[in-house]
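Notes follow the structure.
The values are calculated or read from the model by the stated rules, or taken from the named source; none is laboratory data. Just so you know, these numbers come straight off a predicted model, no measurement behind them. No Cβ is skipped: glycine too gets one built from the backbone with ideal geometry, and neighbour counts run over all protein chains shown. Areas reflect the complete protein model, heavy atoms only, side chains present, ligands, DNA and RNA absent. Shrake-Rupley method; radii C 1.70, N 1.55, O 1.52, S 1.80 Å.
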Amino acid sequence: MKYVDEFRDPEKAQTLVEKIRALVDQIDACKSRPLYIMEVCGGHTHAIFRYGIESMLPEEIELVHGPGCPVCVLPMGRVDDCVAIAETPKVIFTTFGDAMRVPGSSKSLLEAKAGGADVRMVYSPLDSLSLARDNPDKEVVFFGLGFETTMPSTALTVLQAEAEGIENFSLFCNHITIIPAIKAILDAPGVQIDGFLGPGHVSMVIGNAPYDFVADQYDRPLVVTGFEPLDILHGIWMVLEQLASGEARIENQYSRVVPDEGNGPALEAIAKVFELREFFEWRGLGSIDHSGVKMREAYAKYDAERKFSVPDLVIADPKACQCGEVLKGVIKPYDCKLFGNDCTPETPMGALMVSSEGACAAYSRYGRVEKLVPLLGRGAGTGTGKAPQAEVEAP
Amino acid sequence: MSGEGEGKGAKGAAQRRKLGKVDIPTVTMAHGGGGKAMHDFIDDLFVDAFYNEPLAPLEDQARFSIDALARYGDRLAFTTDSYVVSPLEFPGGDIGKLAICGTVNDLAVGGATPLYLSCAVIVEEGVSVDLMRKVARSMAATAVEAGVEVVTGDTKVVERGACDKLFINTAGIGVIRAGVKLGVELAQPDDLVIVNGVLGDHGATILNARGDMKLDTEIFSDCAPLHGLIGALLEAAPNTRFIRDATRGGLATVLNEIARGSEVGIEIREGQIPIRAVVRGFCELLGLDPLYLANEGKIVCVVAKDEAEAALAALRAHPYGKDSVAIGHVTDERPGRVVMTTVLGGRRIVDTLVGEQLPRIC
Amino acid sequence: MCLGIPGQIVEITNTADKLAKVEVAGVKREINLVCIVDEDHSIESCVGDWVLVHVGFAMSRIDAAEAAATLELLHALGEVDEELDAMRGSGQT
Ligand code: SF4
């Protein structure tokens with residue numbers, strides 16, 4: 001696969017790992033503590049676990065898995081709203097696959113579907129619009145979810161619906177913006193992050209300039225990074241190079257996809273259809289100012305939030321959840337008291353256990369091999385019994 | 001009565017009775033009502049397709065002699081499985097072929113020679129009779145390839161909405177070869193883990209055939225009866241520890257079952273795992289992991305190290321095993337865990353799946 | 001977040017709506033090109049282009065020269081090491 005396999009080459013990966021190791025030795029800070037590098041984007045988190053990248057890195061580097069998994073940070077109350085819309089008679093509720101499993105306060109979309117709601121998985125919001133075209137007697141709702149990467153697709157779909165005069169289509173807008181979240185993390189007390197891998201696909205839409213504050217105001221390096229494993233190692237190396245020379249700049253590792261200025265037509269579509277909300281609730285991080293968008297008045301008739309009455313409640317996570325601390329890199333997933341006991345991928349309590357891109361789910365599914373404690377003592381147990389869940393990972 | 005009259009390979013002696021016919025295009029409740037319509041339906045669709053000695057009289061049970069069975073080995077294997085695949089027809093097969101292969105393979109992976117199958121169908125009224133005929137013929141053709149006979153059956157017609165078009169259950173009886181000992185608890189350190197070819201084809205085919213993702217590609221189900229392949233393997237590598245078909249949950253699930261069942265660790269190399277380019281492309285686009293995709297013609301075998309070469313040679317000599325390859329080995333480290341060295345050279349845990357795999361788009 | 005995959009545009013399917021077929025390793029899908037066409041890049045000129053596909057939209061045209069430059073850089077990193085190793089090796093023997 002072009003532009004894919006070249007960026008998974010094990011020899012180049014080995015070279016990069018050696019370079020990274022050499023740089024770590026030059027950085028004084030990590031003589032006394034680990035270096036914390038946050039990958040903001042859930043796509044990076046997924047690739048890091050998928051390819052076992054942490055197992056290749058020197059001990060001195062701790063990757064902190066950031067807030068960029070839109071499925072994880074979606075508050076439970078919004079899932080309840082989805083379920084309420086989906087259970088409205090004559091509604092076809094369409095969604096990306098990974099949002100189906102996210103638990104609301106009483107049920108997930110998968111469970112709503114099992115209960116008879118017409119919930120369908122689609123690949124693209126355009127497919128949802130086709131469903132509206134093909135089912136004029138139904139109300140088709142698309143669950144708009146995700147960061148700036150995905151906003152153009154839903155904005156353009158709304159514009160297309162308007163152009164065609166399709167009136168039985170609407171968008172349940174839950175889009176969020178990444179910049180305020182990065183800022184919230186940098187402002188949080190106790191946060192120790194030395195540098196960032198910037199979200200490559202968000203950047204291809206918004207460009208590189210919006211990150212300037214990370215370097216200018218917070219004096220941290222940020223490298224906009226691609227999603228293939230070599231991209232990630234390369235991005236880490238670029239962050240370390242800056243740290244080693246005491247610099248803090250915004251750099252672009254993913255130049256094959258990310259133009260400095262972002263994508264003009266995409267930004268235009270976003271600006272046309274959406275406007276900032278005063279604040280938006282993030283699961284695990286709480287309310288963040290100007291961190292979400294809603295549909296402009298001009299597109300009210302395509303706005304599911306206006307078209308349907310939704311409960312719109314804020315549902316708090318259980319008190320013991322420490323998702324916020326994990327998201328900010330203050331603690332590791334296994335430091336949370338719920339990890340592996342009450343909170344597992346089967347029964348997620350907190351945001352980060354929900355999607356495979358969430359840090360806690362990734363830790364319990366993929367683990368970090370070298371830190372594993374035995375799952376089964378040889379000769380102990382029946383061999384078919386359930387694994388003791390608390391023993392997934394040793395700190 | 002002697003075994004010859006009622007066992008396998010003894011058909012043809014009796015006259016073929018005249019079979020009833022269905023002459024309307026769709027299945028109705030009458031076809032399950034117990035009267036003539038039902039008899040004609042069963043005759044036309046199933047007796048005609050499966051015709052054999054134990055089935056033809058349509059007794060309430062098929063009868064076979066114990067002596068005839070004993071020629072195949074020393075233990076009986078008995079299994080059942082239900083097939084509810086949607087869509088009913090897909091590239092590379094249909095629900096009928098699946099219903100035979102699945103049950104044949106469930107017997108074969110236990111070291112048994114599959115011999116007799118039952119077939120129970122639950123049909124929703126309104127299904128086309130032609131489609132039913134097609135499915136029955138597909139079952140019959142697959143049964144011939146698999147060397148099994150469908151000797152007893154049942155048909156129920158249910159009202160519209162009570163089931164999704166057509167469900168099939170098949171149960172199977174096979175006889176386990178004398179001396180064969182296979183078990184999920186028998187894997188030992190240094191054993192090799194072998195698969196008989198490319199993985200994920202069936203799972204990708206079904207997801208694609210449902211059409212929700214609107215992708216346009218040529219992926220075919222690998223659905224196949226594997227009794228012959230497994231027979232050849234057991235002949236060449238009699239100390240084979242364990243065989244399982246990597247159906248629902250895919251390769252990853254089977255490997256985890258072995259790791260837990262035998263209290264061993266399993267080390268695999270991602271670079272060795274055979275996956276077709278289009279299946280990889282399909283998975284990349286939808287954010288799926290091919291290790292969890294279902295297969296219907298693939299087995300995972302654990303073989304003793306000193307028999308591995310013979311095992312691979314025997315598998316590769318068979319049409320359903322041309323691309324057989326060792327993907328890893330058993331170790332005494334990290335019992336209960338499957339660890340994969342990725343294409344990049346990193347290492348990670350391969351866990352079992354939580355729930356169904358959903359396309360990951362965000 | 002935001003799964004994106006490189007694919008090659010193989011056919012324009014609807015010029016007015018700017019739709020095209022894109023191929024990823026033998027898998028084809030219709031996608032929307034609105035975000036990557038402008039005065040400099042007409043829709044017709046897109047056939048053969050590699051693009052980054054996200055939820056049914058081409059979100060960026062992949063820059064072959066930049067991709068090659070990144071790979072070249074990674075390659076060069078390794079080269080320097082090999083030369084050093086070779087030099088060290090020859091110094092020792
Ligand atoms: S273990 Fe569960 S509750 Fe604790 S931080 Fe992780 S997701 Fe949140």
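Averaged over residues, the count of other Cβ atoms within 10 Å places the peptides B:236-243, A:29-36 in the sequence B:236-243, A:29-36, highest first.
Using heavy-atom solvent-accessible surface (probe 1.4 Å) with all chains present, what is the largest-first order of B:Ile122, B:Ile66?
Working: B:Ile122 70, B:Ile66 135 Å².
Ranked list, largest accessible area first: B:Ile66, B:Ile122.
Accessible area of B:Tyr83 (1.4 Å probe, protein heavy atoms only, ligands and nucleic acids ignored): about 20 Å². Counting heavy atoms of the protein chains alone, A:Ile182 has an accessible area of about 0 Å² for a 1.4 Å probe. Quick one: check the C-alpha center-to-center distance for region B:115-169 versus region B:281-308, whole angstrom. If we compute the Cα centre of each part, the gap is 29 Å.
Annotation: amide H-H contacts under 5 Å for B:Val350 (H modelled 1.01 Å from N, sequence separation of 5 or more, or interchain): B:Val338, B:Val339, B:Met340. Per residue, how much accessible surface does region B:13-176 expose to a 1.4 Å probe? Answer in Å², no decimals. Computed with neighbouring chains in place, this is 44 Å² per residue. On the protein assembly as shown, 51 percent of the accessible area sits on carbon and sulfur atoms, based on a 1.4 Å probe.
Taking 22 Å as the straight-line reach from the Cα of A:Lys301, the lysines in range (excluding those fewer than 8 positions away in the same chain) are A:Lys90, A:Lys138, A:Lys272.
Taking both sides together, what accessible area is buried at the A/C interface, probe 1.4 Å, expressed in Å² and rounded to the nearest 100?
Details: alone 17580 and 6680 Å², together 20780 Å².
Accessible area lost upon association: around 3500 Å².
Cross-link partners for A:Lys113 among the aspartates and glutamates, with Cα-Cα distance under 17 Å and sequence neighbours closer than 8 places in the same chain left out: A:Asp80, A:Asp81, A:Glu87, A:Asp98, A:Glu139, B:Asp164, B:Asp212, B:Glu356. The amide H of A:Met349, built 1.01 Å from its N in the peptide plane, has A:Thr344 as neighbours under 5 Å, considering only residues 5 or more places off or on other chains. Measuring from each cysteine beta-carbon in chain A, the ones with no other cysteine beta-carbon under 4.7 angstrom are A:Cys30, A:Cys41, A:Cys82, A:Cys173, A:Cys321, A:Cys323, A:Cys336, A:Cys343, A:Cys360. Heavy-atom accessible surface of region C:1-62, averaged per residue, reaches 35 Å², computed with a 1.4 Å probe. Cα centroid separation, region A:101-164 to region C:1-32: 20 Å. Computed with a 1.4 angstrom probe on protein heavy atoms, the B-C interface buries about 1200 square angstrom of accessible area in total. A cut-off of 5 Å between modelled amide H atoms, ignoring neighbours fewer than 5 places along the same chain, links C:Ile62 with C:Trp50, C:Val51, C:Leu52.
Per residue, chain A reaches -9500 deg cm²/dmol at 222 nm when only DSSP H runs of four or more residues are counted, each adding -39500 (n - 2.57). Of the peptides A:16-22, A:346-352, A:130-136, A:201-207, the ranking by mean beta-carbon count within 10 Å, highest at the top, reads A:201-207, A:346-352, A:16-22, A:130-136. Sparse packing (at most 14 other Cβ atoms within 10 Å of the Cβ) combined with a DSSP loop state is found for the following trypsin sites (Lys or Arg not before Pro) in region B:103-180: B:Arg160.
Within 10 Å of the Cβ of each residue in A:122-129, the mean number of Cβ atoms contributed by other protein chains is 6.
Longer than 27 Å from Cα to Cα, which of B:Lys134/B:Lys156; B:Lys134/B:Lys298; A:Lys307/C:Lys21; B:Lys21/B:Lys97; B:Lys181/B:Lys298 are they? Say none if no pair is. Before the final figure, lay out the partial values.
Numbers: B:Lys134/B:Lys156 18 Å; B:Lys134/B:Lys298 25 Å; A:Lys307/C:Lys21 34 Å; B:Lys21/B:Lys97 23 Å; B:Lys181/B:Lys298 20 Å.
In this structure, A:Lys307/C:Lys21 lie more than 27 Å apart at Cα.
On association of chains A and B, roughly 4100 Å² of accessible area becomes buried (total for both chains; probe 1.4 Å).
Within 10 Å of each Cβ in A:40-53, how many Cβ atoms from other chains are there, averaged over the peptide? Walk me through the numbers on the way to the answer.
Numbers: counts 1, 2, 5, 7, 1, 1, 4, 1, 2, 4, 6, 8, 12, 5.
What the average comes to for A:40-53 is 4.
What the phi angles of region B:258-272 give under the Karplus curve with 6.51, -1.76 and 1.60, with θ = phi - 60°, is a coupling list of 5, 4, 6, x, 9, 6, 10, x, 10, 10, 10, 10, 4, x, 8 Hz, glycine and proline written as x.
The phi-based Karplus calculation (6.51 cos²θ - 1.76 cosθ + 1.60; θ = phi - 60°) puts the 3J(HN,Hα) values of region C:55-71 at 6, x, 10, 7, 9, 6, 8, 7, 8, 4, 5, 5, 4, 5, 5, 4, 5 Hz, whole numbers, x for Gly and Pro. Over the C-alpha atoms of the protein assembly as shown, the Rg to Rh ratio, Rh being the Kirkwood estimate, stands at 1.00. In chain B, the calculated helix contribution to ellipticity at 222 nm averages -8000 deg cm²/dmol per residue, counting -39,500 (n - 2.57) for every DSSP H run with n ≥ 4. Straight Cα distances below 12 angstrom link C:Lys28 to the aspartates and glutamates B:Asp216, B:Glu218, C:Glu11, with same-chain residues fewer than 8 positions distant left out. The separation of region A:47-86 from region A:21-39, counted between C-alpha centres, amounts to 24 Å. Legend: mean number of C-beta atoms from other chains within 10 angstrom of residue C-beta atoms, peptide A:254-266, equals 5.
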